[in-house]
Amino acid sequence: MLSYRLAQSRWQLWLRQPVSLHIDEVVSPIPLRELDTGLKGFYPFDDAHPLTLTHVRLNTLGGKVRLTPRRLPQHAPAVLKVEGVEMSELITALNPKQFALSWRVSGELPLLLDDPTQVIPRGWLASDNLMTLRLDPQFADALSQRDIATAAAAVDWLRYMEISNLRAGLHLSRAGDLTLNADIAGTGAHASARRTVRLHYTHRENIWQLWRSLRFGERVEQLLEKQAAAAMPAEEEP
């Protein structure tokens, strides 16, 4: 028996079990592995005939990502649950020059995909283990030279820092504007001394532009490969 049927111009999925999809790997700047999802309900959908994404499960960046059931039309957020994701792999993909960061993170990100103004209203992330932060020496020197003396002293304690606790609130707008507010506690090491450091950090970034920059690097690489292949002389037939 088929797991779907068409009646009165409306498709019905999941007569016996959800329609499922499994993908071994999605090749992208951030690889996604063991993607598994299920779908049931009706299409076109409405309140009397909803469509439900029963689950999404995948592995990425050394951790797991899970999405709770999402109903369409959406009246409550689905929750994206992050478990033990290794952020050093993400930092490597972004390839920043100013710092190196190693840590695992878990959290919950409520998703409002139909909301006109926001995608993640009140998400949070927290560290799972001890983190290490290393500032690039030239970057740290530049910060110290242009800031006032007290700020320069603070930068010295951030050159190498072991972070014992981090918790961040996260908001993402429909336009892609990400706002992250983090409370950080740890120990800074400088000139053979150690000192307790507590920070409140705010970061803003447009993630759509960030993603396009990652894709741009991939497209440049593909273009260079094509040009190199085109420049190679063709083999003469005997």
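The values are calculated or read from the model by the stated rules, or taken from the named source; none is laboratory data. If you're wondering where the values come from, they're calculated on a predicted model, not measured in any experiment. Cβ coordinates were reconstructed from backbone atoms using ideal geometry, including for glycine residues, and neighbour counts include every protein chain displayed. Note: accessible area is taken over every heavy atom of the protein model, side chains too, but ligands, DNA and RNA are not part of it. Shrake-Rupley method; radii C 1.70, N 1.55, O 1.52, S 1.80 Å.
Listing for the model above:
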{"read-out": "Condition met for P77 (touching a Lys or Arg at 6+ places or on another chain (Cβ under 9 Å), open to solvent by 40 Å² or more (accessible area, probe 1.4 Å) and closer than 21 Å to G123 by Cα)", "value": "yes"}
{"read-out": "Residue check for P44: within 26 Å of R10 (Cα to Cα) and surrounded by 14 or more Cβ atoms within 10 Å (Cβ to Cβ)", "value": "no"}
{"read-out": "Qualifying residue in the stretch 25-41 (condition: open to solvent by 100 Å² or more (accessible area, probe 1.4 Å) and either over 22 Å from L113 (Cα atoms) or without any contact (Cβ under 8 Å) to a residue 24 or more places away in the chain (or both))", "value": "yes"}
{"read-out": "Residues satisfying the stated conditions in the stretch 10-19, i.e. open to solvent by 90 Å² or more (accessible area, probe 1.4 Å) and at pLDDT below 90", "value": "W14, R16, Q17"}
